[in-house]
Amino acid sequence: MTDTSNVPNVKVPAYDNPQTGAVLPLTSNVATGATLKPFVPVVTAATPLEEELPEGFDPFAHLKEVYIPQHNAAVRLFFSDLASDWKPNIATARSSLRVACTINVDDNELMIAMRHRLLFDILGWGQSNLIIYNGSKDDIAPPVHGHPRIYFYFSQDAQSVVAGAKKLDAEYSFRLMKETSATITKAKLTILATLIKEFFVIANIGLHFTKGKNIYSYLDLVNGYRLKIYANTEADALPIIEKLLECQEITYDQTKLTTHEPLKPNINIAPVEQMVYEKETPVPAYRPIANVRFRYSYAEIPLVKKPVYLVDTTGTHKPLVH
């Protein structure tokens, strides 16, 4: 150790090099931190990577080296139901498929392609975790499969049908989107039937409205409504729409209503007939105007063969609520 009296106001032993015995001078003032002799590091630049392919490069061998681990990792995920210590065997169908999908290092190009197609195309790994749309991508609606459907049937009073004319009727429905065939019960349908009777039956007579040529569509896909009411005016259609919504305690939203009023007339000014099977037959009017009355309501439940009648004003069916 040597005295460092040459350093102003600082007396500390200098560090020496134990290997050579040489004294290593101080590089900074211990008291003030001031640099006595700047340290300039020696930087050796790394040798740049080769930007060219090595001599004798085998592209197929390189592709296999990169591709096989990635492919076989997907195979392990697809067959993750097999034991973690699974060994290649063909004792079961799943094990046989895994053996067929796994690429070996000595496989040729044809074998690799066949194993790839088996996993990605035939077994469907290439379609996993994908959203598949059928039909127009602008018409994506919540699926209704499995949800019970509630129908409302209306028909014209027999005494109001003009001689020779066809009796008009109408049927509308909505889905119970909060129910499935597994969750729906007779008790739940009975409660719904009670509401239907309250809204659509007055003194044992079904509610009526005027059917016509105009279309009033109410679209609420989340709650299961795809209504298309043929009515004479909006005032005729709205009470029916509102009561159908009230059956599920849903508030009417005017923004979900669209109207269509065709210019084609729906009244035949003069009798028009056409030849049908060697007989003069009156041409039916285009969407004629007539009153139709509520007759009955029933539920269709997936996997249940017969409909469940909820309310019936005709006396023909046996409903849950009389």
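The values are calculated or read from the model by the stated rules, or taken from the named source; none is laboratory data. Computed from a predicted model, the values in this text were never measured in an experiment. FYI the Cβ positions are ideal-geometry reconstructions off the backbone, even for glycines, and counts take in every protein chain you see. Areas reflect the complete protein model, heavy atoms only, side chains present, ligands, DNA and RNA absent. Shrake-Rupley method; radii C 1.70, N 1.55, O 1.52, S 1.80 Å.
Within the range 187-207, track down each residue that is closer than 24 Å to D157 by Cβ, open to solvent by less than 70 Å² (accessible area, probe 1.4 Å) and either assigned to a loop (DSSP other than H, G, I, E, B) or not aromatic (F, W, Y) (or both).
Residues of the range 187-207 that are closer than 24 Å to D157 by Cβ, as a first pass: 193, 196-207.
Those left that are additionally open to solvent by less than 70 Å² (accessible area, probe 1.4 Å): 193, 196-197, 199-201, 206-207.
Within the range 187-207, A193, I196, K197, V201, G206, L207 meet the criteria.
Okay, residues lined up against (1) in contact with a helix residue (DSSP H, G or I) (Cβ under 6 Å, 6 or more places away or on another chain); (2) more than 24 Å from P319 (Cα to Cα):
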position: A163; (1), (2): no, yes
position: L189; (1), (2): no, no
position: F200; (1), (2): no, no
position: L207; (1), (2): yes, no
position: I215; (1), (2): no, yes
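Here is a yes/no grid of residues against (1) farther than 19 Å from T194 by Cβ; (2) touching a Gly at 6+ places or on another chain (Cβ under 7 Å); (3) open to solvent by 80 Å² or more (accessible area, probe 1.4 Å); (4) in a helix (DSSP H, G or I):
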{"position": "K243", "(1), (2), (3), (4)": "no, no, no, yes"}
{"position": "E249", "(1), (2), (3), (4)": "no, no, yes, no"}
{"position": "T255", "(1), (2), (3), (4)": "yes, no, yes, yes"}
{"position": "L263", "(1), (2), (3), (4)": "yes, no, yes, no"}
{"position": "R293", "(1), (2), (3), (4)": "yes, yes, no, no"}
{"position": "Y296", "(1), (2), (3), (4)": "no, no, no, no"}
{"position": "L303", "(1), (2), (3), (4)": "yes, no, yes, no"}
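Kindly indicate the residue of the range 59-86 that is more than 26 Å from Q127 (Cβ to Cβ) and acidic (D, E) and also least open to solvent (accessible area, probe 1.4 Å) among those meeting that condition.
Residue satisfying both the conditions and the ranking: D85.
Have a look at T180, T185 and point out the one that is of a type outside the set (F, W, Y), more than 30 Å from P282 (Cα to Cα) and at pLDDT 95 or above. First the steps, then the outcome.
Values: T180 fails: at pLDDT 95 or above.
That would be T185, the only listed residue that is of a type outside the set (F, W, Y), more than 30 Å from P282 (Cα to Cα) and at pLDDT 95 or above.
Quick check, is Y218 open to solvent by less than 70 Å² (accessible area, probe 1.4 Å), in a strand (DSSP E or B), in contact with a strand residue (DSSP E or B) (Cβ under 7 Å, 6 or more places away or on another chain) and without any contact (Cβ under 8 Å) to a residue 60 or more places away in the chain?
It is true that Y218 is open to solvent by less than 70 Å² (accessible area, probe 1.4 Å), in a strand (DSSP E or B), in contact with a strand residue (DSSP E or B) (Cβ under 7 Å, 6 or more places away or on another chain) and without any contact (Cβ under 8 Å) to a residue 60 or more places away in the chain.
Conditions: (1) within 20 Å of the chain's Cα centre (by Cα); (2) at pLDDT 90 or above; (3) open to solvent by less than 90 Å² (accessible area, probe 1.4 Å). A170 meets all but one. Number of the miss?
The failed condition is (1).
Results for (1) touching a Leu at 6+ places or on another chain (Cβ under 9 Å); (2) of a type in the set (V, I, T); (3) more than 30 Å from K178 (Cβ to Cβ), shown as yes or no for each residue.
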| site | (1), (2), (3) |
| --- | --- |
| T233 | no, yes, yes |
| T255 | no, yes, no |
| P262 | no, no, yes |
| K279 | no, no, yes |
| S297 | yes, no, no |
| H317 | no, no, no |
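Within the range 278-291, restricting attention to residues that are among the charged types (D, E, K, R) and either in a loop (DSSP other than H, G, I, E, B) or touching a residue at least 40 places away in the same chain (Cβ under 8 Å) (or both), which residue is nearest to H260 (Cα to Cα)?
First pass over the range 278-291, keeping only residues among the charged types (D, E, K, R): 278-280, 287.
If we keep only those that are either in a loop (DSSP other than H, G, I, E, B) or touching a residue at least 40 places away in the same chain (Cβ under 8 Å) (or both) as well, we get 278-279, 287.
Numbers: E278: 37, K279: 35, R287: 13 Å.
Filtering first and then ranking leaves R287.
Regarding the range 232-240, can at least one residue be identified that is of a type in the set (G, A, S) and open to solvent by 40 Å² or more (accessible area, probe 1.4 Å)?
Taking the range 232-240 as the starting set, the residues that turn out to be of a type in the set (G, A, S) are 235, 237.
Then drop every residue that is not open to solvent by 40 Å² or more (accessible area, probe 1.4 Å), which leaves 235.
Taking every residue of the range 232-240 in turn, at least one turns out to be of a type in the set (G, A, S) and open to solvent by 40 Å² or more (accessible area, probe 1.4 Å).
So, K211, is that one on the phi < 0 side of the Ramachandran plot, surrounded by 15 or more Cβ atoms within 10 Å (Cβ to Cβ) and modelled with pLDDT of 95 or more or not?
Numbers: on the phi < 0 side of the Ramachandran plot: yes; surrounded by 15 or more Cβ atoms within 10 Å (Cβ to Cβ): yes; modelled with pLDDT of 95 or more: no.
When the stated conditions are applied, K211 does not pass them.
Taking the conditions exactly as written (within 27 Å of the chain's Cα centre (by Cα) and surrounded by 15 or more Cβ atoms within 10 Å (Cβ to Cβ)), does I184 satisfy them or not?
Criteria met by I184.
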